[in-house]
Amino acid sequence: MMGITDPGRLRPLAPYEALYAEGPRRFAIPATAEPAAWEAWRAAFRASLAGRLAIAPGAAPPPRLLASAPPTDHGDYRRTYLEFEGAPGVVVPAWLLVPHGLPGPAPAVIAVHGHGYGVDDTVGIDPDGAERDAPQGFHQSFALALCRQGMVVLAPELAAFGRRREPGDVRPDAPAANSCHQAAWWGLMLGRPL
């Protein structure tokens, strides 16, 4: 069936692409080799990044630890369950993985899961709570793999997955069921996407 409108104008991403194309780039990389321009860009970028990471004077306070369980030893690393306040009133469960034998400070990474049954999949825990012997599934225990490469890993549970699902979406017959669509719609309608 033939439409009246150009099919390109029906694309759902077109308005977002247009917004992006029109928007200013405060931190666009300088199109010059001039050291002074690069130094100014670097200073402004670092200040903005420090503010967003809550490490600059006057920045928002860092997340507050609300609870933690005793760490469990897994041979070559220890795993700790914790909960922190990601925003006022928002509890974020997470796993902290620390390799054994660190000689001092170590690289750290935040391991963010995708769709699936949540953060447990990234740290080698099956939906029924059993420890997994080998990587499998969508996430392949990637947070655990990073830890085994010598990195300290914080793996947070994203909103609408795992422990952070709506009660009606927690079903034993569907461990990967999530609240993503509902949360995304609410966030979009209120101007606060996930």
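Results, tabulated for the structure shown:
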| item | result |
| --- | --- |
| Top of Thr32, Thr72, Thr122 by mean-square fluctuation, Gaussian network on the chain, Cα under 10 Å | Thr32 |
| Alpha-carbon gyration tensor eigenvalues x 5, square-rooted, for segment 90-194, Å | 27, 17, 10 |
| Accessible area expressed per residue, segment 32-121, with surrounding protein chains retained (probe 1.4 Å, Å²) | 62 |
| With 10 Å bins from 0: P(r) over segment 108-148, alpha-carbon pairs, percent | 34, 57, 8 |
| Derived scalar couplings ³J(HN,Hα) [segment 77-87; Karplus, 6.51 cos²θ - 1.76 cosθ + 1.60; whole Hz; x for Gly, Pro] | 7, 10, 10, 10, 8, 9, 10, 10, 8, x, 7 |
| Contact order normalised by residue count of segment 130-194, Cα under 8 Å, 6+ apart, percent | 19 |
| Ranked packing of 159-169, 137-147, most packed first, by mean Cβ within 10 Å | 137-147, 159-169 |
| Value of relative contact order over the chain, rounded to a whole percent, pairs C-alpha under 8 Å and six or more apart | 14 |
| Helix-derived mean residue ellipticity, 222 nm - over the chain, DSSP H n ≥ 4, -39500 (n - 2.57), to 500 | -7000 deg cm²/dmol |
| Share of carbon and sulfur in the accessible heavy-atom surface of segment 90-194 [1.4 Å probe, %] | 63 |
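The values are calculated or read from the model by the stated rules, or taken from the named source; none is laboratory data. As the structure is a prediction and not an experimental result, all values here were calculated from the model. No Cβ is skipped: glycine too gets one built from the backbone with ideal geometry, and neighbour counts run over all protein chains shown. When the accessible area is computed, the model is the full protein with side chains, heavy atoms only, and any ligands, DNA or RNA have been set aside. Shrake-Rupley method; radii C 1.70, N 1.55, O 1.52, S 1.80 Å.
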